[in-house]
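Down below is the structure, laid out as structure tokens.
The values are calculated or read from the model by the stated rules, or taken from the named source; none is laboratory data. Given the structure is predicted, the values throughout are model-derived calculations rather than measurements. Ideal geometry is used to build each Cβ from the backbone, glycine not excepted, and the neighbour counts take in all protein chains shown.
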Amino acid sequence: MGEKRRVVVTGIGAVTPLGVGALTLHERWAAGEVGIKDGAGACTSFNPSDFLSVKEARRLDRFSQFGVVASDEALAQAGWGAEKPYDSMRIGTVLATGIGGISTVESNHDLMRDVGVNRISPLGVPMYMPNAGAAAISMRHGLQGQSFGIVSACTSGAHALGLATRMIQYGDADAVVAGGAEATLTEFGFACFRAVQALSEVGISRPFDARRDGFVMGEGAGVMVLEEAEAAIARGATILGEIAGFGSTSDAGHLTAPDPTGRPAATALTLAMKDAGVTPADICYVNAHGTSTELNDASETRALKLALGEYAYKIPISSTKSTIGHLLGAAGAVEAIATLQALNHRVIPPTLGLEVPDEALDLDYVPGSARELVFSGAGAPVALSNSFAFGGHNVGLIIKGQG
Amino acid sequence: MSVSKEQVQERVVEALASFGPDADTITPSATFEELDIDSLDLVELAQIVEDEYGVVLKGEDMKELKTVGDAVELITARAA
């Protein structure tokens, strides 16, 4: 294979605990606002009827609703109207989720137990299947290229963007609508994650802080419109940035704990840099996975040191989870969107809640308030976005902003 | 249990309206195709009808139904 086709971002959309809209996420996070309340990052301002018909809303689990609404925003920004700029068979859809439609599973299980097995809704399976969000976006916008869901727990959203990028690079698609969506804030969802001892007991997300005691679960979606660069430029699209590199590895170790050495994770980050043709010296921002768990923040710090060497100490690092919590299968996509906006607005939002340094964690995690993005000024600013997951999945994405 | 056609009509309109179409458009002559009511909706309608009137509607019964009026007639006849 010759030169890889380049993959640019022409639209972004997000539904997060900070509100509906990608810009809202950036502005409110940069202003130091926290979308977490009572130990959960809920999308309380999201009202499905503002965006979806009765029929659409009742046929979509909450995670798919988030995905569809985020896709509407991203396609509108890309300038895609009813007529798509590419052959619809050449436009793919990849929407990741860590869990799928868990509230639909729960409500149908209640019906089975309380009323009877023959009262389960015919909409049960089509709503809770993990590919339901991808299907909904494909149907809503008439995208007829390959579409599917991706499942890798908390790396799902990053895998979606990485593999969508490969689809375009390889020539299987000219554009892909890609991202992640999650909605697991149910009693059962909380109980399950609490049982793994992953959730913060005090309900505070403070990545890299010595007092961190677990993650805070959030919900939402992030979607990007990705296009082959030459075609996007030829049609006059506004280029927001580029997915320049993707690297992924597995710990092949523990079911839930990250590899304590950080080596497999570091390799994913190194592969992403190599894929993009950049070195640690080029990177001006790291959007950390930064979950606020004891183990992640320690092993991620080790991984960053292994992957970035001396630059690990110089590059500002912040965690989006400090403001919206952990969006599980949506996290990687929402955080890629946050990363791109940090680059384009030249503002690095802070790691909120980080007040008591952990002696073992000695990198620059941007505590306190937002900071101006500093880069060499030559070409486009480059950032790294990290995602790691239960199951030992590791993903690094290299994202370039506008020059 | 005997129910009037009007009672069935009212219940069917209420059920269909909860699936999406405006209640005003759900007339006896309206086709399910016009109302964008598909096979999944009709399975849900059958569940509601069974709970309400004890009438069991199977897949082959539903296939024959083209309009709201067809459904109301069938349910009323079966419930008698």
Any idea which of (1) surrounded by 19 or more Cβ atoms within 10 Å (Cβ to Cβ); (2) under 17 Å from A:Ile399 (Cα atoms) is the one A:Arg166 doesn't satisfy? (1)
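Among the residues of segment A:217-236, count how many are on the phi > 0 side of the Ramachandran plot and either among the charged types (D, E, K, R) or buried (at least 24 other Cβ atoms within 10 Å of the Cβ) (or both). Reasoning before the result, please.
Applying the first criterion (on the phi > 0 side of the Ramachandran plot) to segment A:217-236 yields A:220, A:236.
With either among the charged types (D, E, K, R) or buried (at least 24 other Cβ atoms within 10 Å of the Cβ) (or both) added as a condition, the list becomes A:220.
Going through segment A:217-236 one residue at a time, the tally reaches 1.
For segment A:191-206, indicate whether the set of residues that are in the same structural domain as A:Asp72 (by TED's automatic domain parsing) and within 30 Å of A:Lys400 (Cα to Cα) is non-empty. Break it down into steps so the answer makes sense when it comes.
Narrowing segment A:191-206 to residues in the same structural domain as A:Asp72 (by TED's automatic domain parsing): A:191-206.
Applying the additional criterion that residues be within 30 Å of A:Lys400 (Cα to Cα) yields A:205-206.
Yes, segment A:191-206 has at least one match.
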Using beta carbons and a limit of 6 Å, which pairs, at least six apart or on different chains, have the first residue in segment A:300-328 and in the same structural domain as A:Asp282 (by TED's automatic domain parsing) and within 24 Å of A:Asp251 (Cβ to Cβ) and the second one buried (at least 24 other Cβ atoms within 10 Å of the Cβ) and acidic (Asp, Glu)? A:Thr320/A:Glu335; A:Leu327/A:Glu182; A:Leu328/A:Glu182
From the set of residues in segment A:169-211 that are of a type in the set (Gly, Ala, Ser) and in a strand (DSSP E or B), which is surrounded by the fewest Cβ atoms within 10 Å (Cβ to Cβ)? A:Ala175
Matching residues in segment B:30-64 (touching a Leu at 6+ places or on another chain (Cβ under 7 Å) and either more than 14 Å from chain A (Cβ to nearest Cβ) or of a type in the set (Gly, Ala, Ser) (or both)) number 2
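For segment A:106-126, indicate whether the set of residues that are away from chain B (no Cβ under 14 Å) and in contact with a helix residue (DSSP H, G or I) (Cβ under 8 Å, 6 or more places away or on another chain) is non-empty. I'd like the intermediate steps shown before the answer.
Kept after step one, since they are away from chain B (no Cβ under 14 Å), are these residues of segment A:106-126: A:106, A:109-110, A:113.
So of that shortlist, the ones also in contact with a helix residue (DSSP H, G or I) (Cβ under 8 Å, 6 or more places away or on another chain) come out as A:106.
Within segment A:106-126 (the criterion being away from chain B (no Cβ under 14 Å) and in contact with a helix residue (DSSP H, G or I) (Cβ under 8 Å, 6 or more places away or on another chain)), the answer is yes, since at least one residue qualifies.
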Only one of A:Phe375, A:Phe390 is farther than 25 Å from A:Val202 by Cβ and in a loop (DSSP other than H, G, I, E, B). Can you tell me which? A:Phe375
The correct count of residues that are hydroxyl-bearing (Ser, Thr, Tyr) and not in a helix (DSSP H, G or I) in segment A:301-358 is 4
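Residues are listed down the side, and each one gets a yes or a no for (1) farther than 23 Å from A:Val54 by Cα; (2) surrounded by 13 or more Cβ atoms within 10 Å (Cβ to Cβ):
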residue: B:Gly20; (1), (2): no, yes
residue: B:Leu35; (1), (2): no, yes
residue: B:Val43; (1), (2): no, yes
residue: B:Ile48; (1), (2): no, yes
residue: B:Tyr53; (1), (2): yes, yes
residue: B:Lys63; (1), (2): yes, no
residue: B:Asp70; (1), (2): yes, yes
Quick one: A:Gly157 ticks every box in (1) within 17 Å of the chain's Cα centre (by Cα); (2) more than 24 Å from A:Ala257 (Cβ to Cβ); (3) in a helix (DSSP H, G or I) except a single one, so which number is it? (2)
Cross-chain or 6+ apart pairs with Cβ under 6 Å, segment B:1-27 first and within 14 Å of chain A (Cβ to nearest Cβ), then not in a helix (DSSP H, G or I): B:Leu16/B:Ile26; B:Pro21/B:Leu35
